[in-house]
Amino acid sequence: MHGHAFRELSRNDRLERGSSWHERTVVAPLETLVVAFGADNPGDRLIHGHIPEHHADSMGTQFQVTSTSA
């Protein structure tokens with residue numbers, strides 16, 4: 001996930017206790033991963049893998065973090 005560090009909360013529905021902060025991780029085929037991150041870095045952000053065939057199949061996504069005033 002570009003622009004944010006994250007913590008793994010669960011992997012394949014199993015809680016990940018004591019997870020440290022990450023900038024990247026490996027997710028195996030058919031594996032699920034739940035993460036948490038502080039959305040404190042405004043801008044367009046990208047989530048993607050590093051397998052060329054996946055890029056060709058559009059296996060990635062983007063999201064936008066916006067500033068809000070309290």
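The values are calculated or read from the model by the stated rules, or taken from the named source; none is laboratory data. Because the structure is a prediction, the values reported are computed rather than measured. Counting neighbours? That spans all protein chains shown, and the Cβs are built from the backbone with ideal geometry, glycine included. Areas reflect the complete protein model, heavy atoms only, side chains present, ligands, DNA and RNA absent. Shrake-Rupley method; radii C 1.70, N 1.55, O 1.52, S 1.80 Å.
Of the residues Gly3, Gly18, which is on the phi > 0 side of the Ramachandran plot and in contact with a strand residue (DSSP E or B) (Cβ under 8 Å, 6 or more places away or on another chain)? Quick ask: steps written out before the conclusion?
Working: Gly18 fails: in contact with a strand residue (DSSP E or B) (Cβ under 8 Å, 6 or more places away or on another chain).
Step by step, each of Gly3, Gly18 is checked, and only Gly3 is on the phi > 0 side of the Ramachandran plot and in contact with a strand residue (DSSP E or B) (Cβ under 8 Å, 6 or more places away or on another chain).
Scanning the range 1-20 for residues that are surrounded by 13 or more Cβ atoms within 10 Å (Cβ to Cβ) and either at pLDDT 90 or above or touching a helix residue (DSSP H, G or I) at 6+ places or on another chain (Cβ under 7 Å) (or both) turns up Ala5, Phe6, Arg7, Glu8, Leu9, Ser10, Arg11. Within the range 1-20, the only residue that satisfies the criterion of being more than 14 Å from the chain's Cα centre (by Cα) and of a type in the set (A, V, I, L, M, F, W, C) is Leu15.
Contact map, the range 1-24: residues that are within 24 Å of Val65 (Cα to Cα) paired with residues that are in a strand (DSSP E or B) and of a type in the set (Gly, Ala, Ser), Cβ distance under 8 Å, separation 6+ or inter-chain. Pairs shown: Gly3/Gly43; Phe6/Ala36; Arg7/Ala36; Leu9/Ala36.
Just to be sure I understand, how many residues within the range 21-31 are of a type outside the set (Asp, Glu), open to solvent by less than 70 Å² (accessible area, probe 1.4 Å) and either modelled with pLDDT of 90 or more or under 11 Å from the mean Cα position of the chain (by Cα) (or both)?
Taking the range 21-31 as the starting set, the residues that turn out to be of a type outside the set (Asp, Glu) are 21-22, 24-30.
In the following step, the residues that additionally are open to solvent by less than 70 Å² (accessible area, probe 1.4 Å) were identified as 22, 25, 28.
From the residues that got through so far, the ones that are either modelled with pLDDT of 90 or more or under 11 Å from the mean Cα position of the chain (by Cα) (or both) too are 22, 25.
The total comes to 2.
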